[in-house]
Amino acid sequence: MSLPAVTEPGALPVEPARHPYHVYLDSLTSPESRRTMRGCLDRLARLLTGDESATGAGQPWHLLRYEHTVRIRTMLTDQGWSAAYVNKHLVALRRVLKEAWRLGQTSAEDLARASDLAPVRQSRLPTGHHVPPEVVGAALSACDDSPAGVRDAALIAVLYSTGCRRAELGGLALADYDPGALSLRVRGKRDKERMVYLTTDAIGLVERWLAVRGTAPGALFSPISKAGRLRAWTWRRRRPWWGTRPRPPRPGTTAGRSAPVARPSTASASPPPAPSPDPAPPSRSAPLPLRLAGIPPLPSAAGPLLIGPPLALAPPPSRAASGARTAHRRKTTGGRAEAEAARQRRRD
């Protein structure tokens with residue numbers, strides 16, 4: 001089945017910065033949504049061109065009219081795909097046509113006609129299967145009385161009673177649990193919040209886990225190390241190193257590195273050299289901390305291109321100071337190991 005011609009005489013190619021394909025993908029906020037819709041548009045491009053290596057970039061989406069979109073819908077249904085899968089491709093097609101209209105590449109009338117496509121209707125049994133209570137009971141009986149077993153039992157009970165997604169369950173914090181209302185505040189897709197309610201049996205297992213976990217703020221189902229220690233923490237996005245502000249130097253130190261400290265040593269050694277009064281600026285090739293806002297004005301062309309104050313580099317410590325510092329570190333590490341072993345013996 002062939003498509004009608006989509007070329008117009010005198011039509012100029014669209015530059016990549018204003019191409020509806022790229023503009024539509026950039027408007028999506030989720031990386032998963034961008035990946036999904038890119039795949040849909042690329043499959044539509046392969047149907048349009050017949051080339052298995054074609055992508056949606058560079059295709060004349062702004063030239064599609066009603067006769068083209070109707071034929072595309074027919075070709076999608078002939079693939080034997082489910083109605084939900086076909087409708088997802090139609091959503092991507094409508095959105096890329098709307099971006100072409102927003103960019104001024106097509107008229108509002110052509111957009112309304114090309115987007116006037118009825119969704120595909122189907123009736124199918126829901127996916128998945130029912131989990132009988134016997135299976136849940138067998139899973140709960142496999143959880144022992146260790147901290148990990150108590151936590152896993154609470155996880156299974158919450159999953160079975162609420163039907164939350166795995167990512168939603170992993171993002172729960174202790175503050176999201178309301179024992180009075182027997183509810184959890186869940187954050188789902190697109191950062192939408194909803195309230196889910198627990199059964200009486202699930203509440204008992206969650207309270208048992210909280211007796212082991214404690215009341216420290218953080219994740220509701222905190223991870224447990226191999227040694228059996230709890231770590232109450234919450235998933236959060238770490239700031240990149242280039243987006244952090246340089247910390248001010250501590251008293252007795254210089255920016256970038258700590259000043260060498262003279263420690264007593266049996267070996268005779270010369271005193272560390274005095275720091276240079278005018279340290280050399282860092283190299284242009286070294287990574288510099290950047291800030292997205294509040295960037296100071298650039299210096300003159302004669303000076304080096306630096307963002308932020310120059311870093312004062314301290315001279316390297318002497319061999320005697322390094323040896324004394326290494327011995328102190330070994331002594332401190334050994335003392336910590338002995339103290340940890342003593343605490344473990346008292347705990348046992």
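The criterion of being modelled with pLDDT of 90 or more and under 24 Å from HIS130 (Cα atoms) holds for GLY204. Suppose the filter is modelled with pLDDT of 90 or more, surrounded by 11 or more Cβ atoms within 10 Å (Cβ to Cβ), assigned by TED's automatic domain parsing to the domain that holds LEU90 and farther than 20 Å from LEU111 by Cα; does ARG65 pass it? Spelling it out, it is not the case that ARG65 is modelled with pLDDT of 90 or more, surrounded by 11 or more Cβ atoms within 10 Å (Cβ to Cβ), assigned by TED's automatic domain parsing to the domain that holds LEU90 and farther than 20 Å from LEU111 by Cα. Of the residues screened, THR106 is one that is surrounded by 17 or more Cβ atoms within 10 Å (Cβ to Cβ) and part of a loop (DSSP other than H, G, I, E, B).
Note on segment 76-98: among residues that are crowded, with 17+ Cβ neighbours inside 10 Å and over 29 Å from the mean Cα position of the chain (by Cα), the one that is farthest from ARG18 (Cα to Cα) is LEU76. When GLY56 is tested against (1) of a type outside the set (Val, Ile, Thr); (2) closer than 27 Å to ARG190 by Cα; (3) modelled with pLDDT under 95; (4) assigned to a helix (DSSP H, G or I), only condition (4) is not met. Of the listed requirements (1) in a helix (DSSP H, G or I); (2) outside the structural domain of CYS40 (by TED's automatic domain parsing), THR74 misses just one: (2). Between ALA118, ALA112, ALA142, ALA83, the distinction of being within 30 Å of LEU198 (Cβ to Cβ) and hydrophobic (A, V, I, L, M, F, W, C) belongs to ALA142 only.
The values are calculated or read from the model by the stated rules, or taken from the named source; none is laboratory data. No experiment lies behind these values; they were computed from the predicted model shown. Backbone-built Cβ (ideal geometry, glycine too); neighbour counts: all protein chains shown.
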